[in-house]
Amino acid sequence: MWFHDHTLGMTRSNVYTSLAGNYMLCGGMTDLPSLLLPQGKYEIPLLIHDRAFNSDGSLFYPGDRAFFEGVAKKDLKIPFIPSHTATGGNSDVSPIWNPEFFSNVILVNGNSWPSLDIEKRRYRFRILNASDSRFMILKIASDAIARPATAAVPFWVVGGDGGFQTKPKQVDSLLIAPAERLDVVVDFTHVPNGSPLYLINEGPDEPYGGGVGGADYEYSDPYTTGQVMQLNVVPKTSVDSSVPPHLIPALLPTQNLGNPRNVRKVSVNEMESGTVFANYNTDTNGNLKDIIESVTGVPFGPTISMLGTLDSFGAPAPFPWMDPITENPGNGTTEIWEIYNFTEDAHPIHMHLVEFQVVNREPLLSDTIAPLLPATPQGLVRGPEAWELGSKDTLIAYPGEVTRVKARFDRPGLYVWHCHILSHEDNDMMRPMCVGNQADCPVPLASH
């Protein structure tokens with residue numbers, strides 16, 4: 001698990017200042033025999049996130065929308081809240097909100113691009129992506145710069161957000177979204193002494209939407225955000241009593257969540273301005289030069305992100321944070337949630353105090369831009385990924401797809417579910433959820 005500040009509307013900035021950390025619980029019926037996996041100094045938490053710094057070493061954080069647009073502040077010539085617009089209405093564009101934020105320095109446990117001596121033996125890494133917006137695709141390579149990199153040693157995934165999965169799975173790379181955790185074993189036994197290895201990131205320096213690096217998106221900068229840490233292989237100093245992961249036939253059985261009583265359809269949405277229209281002007285090289293308000297321009301956006309439901313027609317019905325509760329599972333019930341993503345990007349969807357199981361994902365019928373309405377699954381179902389075979393509390397909902405999870409709601413009370421891109425969560429991509437009788441969830445959200 002992990003913990004972080006959750007101040008309403010300020011989570012992104014407070015987590016950015018490192019009010020977050022790993023939180024591991026050991027022992028009990030859902031743990032494994034201590035000698036099965038590496039332990040002690042060979043079990044290492046890796047809290048990975050990106051940050052940016054000013055020249056004096058202080059943290060840099062963008063304070064205006066021009067940063068996201070990639071233009072100088074003077075060249076973003078549109079009205080912001082509470083100004084009037086050229087169409088005669090009021091602006092609905094925040095002057096400070098950036099839809100996403102990508103920094104240029106990778107930190108591991110608070111250190112930029114650290115180095116770690118690794119003995120010729122097995123290690124267990126507890127990996128957490130604590131970034132605001134950055135999806136990472138981690139790989140251990142012998143070349144820090146080459147892309148795509150060849151994996152020098154594989155990962156054996158043994159668990160994730162909610163603990164151990166059903167059995168170890170071998171993968172060459174790890175896709176990990178903000179707030180996801182992965183529990184992996186890496187065997188360095190046969191790597192020669194003195195070999196330099198690198199934990200690298202082959203994810204993008206921009207919002208992630210799935211696909212393949214080098215084809216569907218550019219790799220992150222291999223000289224900065226494409227590198228995570230260096231691993232220096234040194235001789236073994238003690239006997240490795242852990243079990244090779246390929247010899248572990250099973251970890252923990254799948255938790256029985258019961259039969260679902262309801263299929264709940266929810267939506268992931270991103271909106272453009274309804275009052276601000278603009279022209280995006282480029283120079284002779286095609287580079288964005290400025291953005292100027294124009295009544296004949298295109299809607300400025302995105303301006304806000306929201307979760308919601310599907311209406312009776314199968315169209316998205318987004319709701320802001322303060323609207324009345326729409327997710328009200330009965331206490332002790334099991335539900336299938338179908339998460340329909342109508343945006344252009346992937347979102348890590350997180351439920352508070354609920355662990356769920358990934359059922360499957362399915363593309364929606366779409367044109368070249370967006371899903372067609374009513375939202376209609378294509379029938380090309382694919383099952384959970386190799387690292388999704390256990391209990392989770394956060395998962396990736398891909399654009400233009402429906403993602404299905406099975407969840408049991410057994411803690412009555414008022415909770416939330418939200419996108420864990422923190423810049424989205426803080427700008428309305430979070431909704432209240434009441435488990436049980438709404439009379440036991442007395443907070444009048446809509447009146448505050």
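Annotations for the structure displayed:
- Sorting the segments 141-154, 338-351 by their mean number of nearby beta carbons within 10 angstrom, highest to lowest, gives 338-351, 141-154.
- Debye, to nearest 20: dipole size of the range 228-293, +1 on Lys, Arg Cβ, -1 on Asp, Glu Cβ: 580
- Amide proton proximity set for Ser294, modelled H, under 5 Å, gap of 5+: Phe277, Ala278, Asn279
- For Asp183, Asp75, order by how many other beta-carbon atoms lie within 10 Å, fewest first: Asp75, Asp183
- Highest average first, the peptides 258-267, 357-366 ordered by how many other beta carbon atoms sit within 10 Å of their residues are 357-366, 258-267.
- Overall form of the range 107-175 per C-alpha gyration tensor (a/c, 1.5; a/b vs b/c): rounded
- Two-decimal Rg/Rh across the range 172-234, once Rg and the Kirkwood Rh are taken from alpha-carbon atoms: 1.02
- A simple charge model with +1 on the Cβ of Lys and Arg, -1 on the Cβ of Asp and Glu and nothing else charged puts the dipole of the chain at about 1220 debye relative to its Cα centre.
- Within the range 74-135, the ratio Rg/Rh, alpha carbon atoms throughout and Rh by Kirkwood, equals 1.31.
- In the range 319-448, the inverse of the mean reciprocal separation of distinct Cα atoms equals 15.7 Å; this is its Kirkwood hydrodynamic radius.
- Cα centroid separation, the range 220-271 to the range 135-153: 17 Å.
- Residue among Thr376, Pro329, Leu32 farthest towards the positive dipole end of the chain, charges placed on Cβ: Leu32
- The H on the amide N of Val93, modeled in the peptide plane, is under 5 Å from the matching H of Ile81, each at least 5 residues off or on a different chain.
- Per DSSP, loop GluC sites (Glu not before Pro) in the range 202-301 with at most 14 further Cβ within 10 Å: Glu218
- Working note: Karplus 6.51/-1.76/1.60 with θ = phi - 60° gives the range 192-201 the couplings x, 4, x, 6, x, 10, 9, 7, 10, 10 Hz, where Gly and Pro are set to x.
- Cβ-placed point charges (K, R +1; D, E -1), dipole of the range 141-199 about Cα centre in debye, nearest 20: 80
- Positive-end residue, the range 290-448 charge dipole about Cα centroid, Cβ charges, pick of Thr296, Pro399, Gln357: Gln357
- The Rg/Rh ratio of the range 383-448, with both radii computed over alpha carbons and Rh defined as the Kirkwood radius, is 1.02.
- Kirkwood-type hydrodynamic radius, the range 9-143: 18.7 Å, calculated from all non-identical alpha-carbon pairs.
- Packing, taken as the mean count of other beta carbons within 10 Å per residue, orders the peptides 427-436, 185-194 from highest to lowest as 427-436, 185-194.
- Taken one residue at a time, the phi angles of the range 202-212 give Karplus couplings (6.51, -1.76, 1.60, θ = phi - 60°) of 9, x, x, 8, 7, x, 8, x, x, x, 10 Hz. Gly and Pro are set to x.
- Inverting the pair-averaged 1/r between distinct Cα atoms of the range 364-411 gives 12.9 Å as its Kirkwood hydrodynamic radius.
- Eigenvalues of the alpha-carbon gyration tensor of the range 184-337, scaled by 5 and square-rooted, set the equivalent ellipsoid semi-axes at 44, 34, 11 angstrom, largest first.
- Selection of chymotrypsin sites (Phe, Trp or Tyr not before Pro), the range 93-185, meeting DSSP coil and at most 11 other Cβ within 10 Å: none
- Orphan Cys of the chain, criterion: no other Cys C-beta under 4.7 Å: Cys26, Cys419
Read-outs: derived from the displayed coordinates by stated rules, not from any lab. Source: prediction; values computed, not measured. A quick note on method: Cβ atoms are made from the backbone with ideal geometry, for glycine too, and the neighbour counts reach across all protein chains shown.
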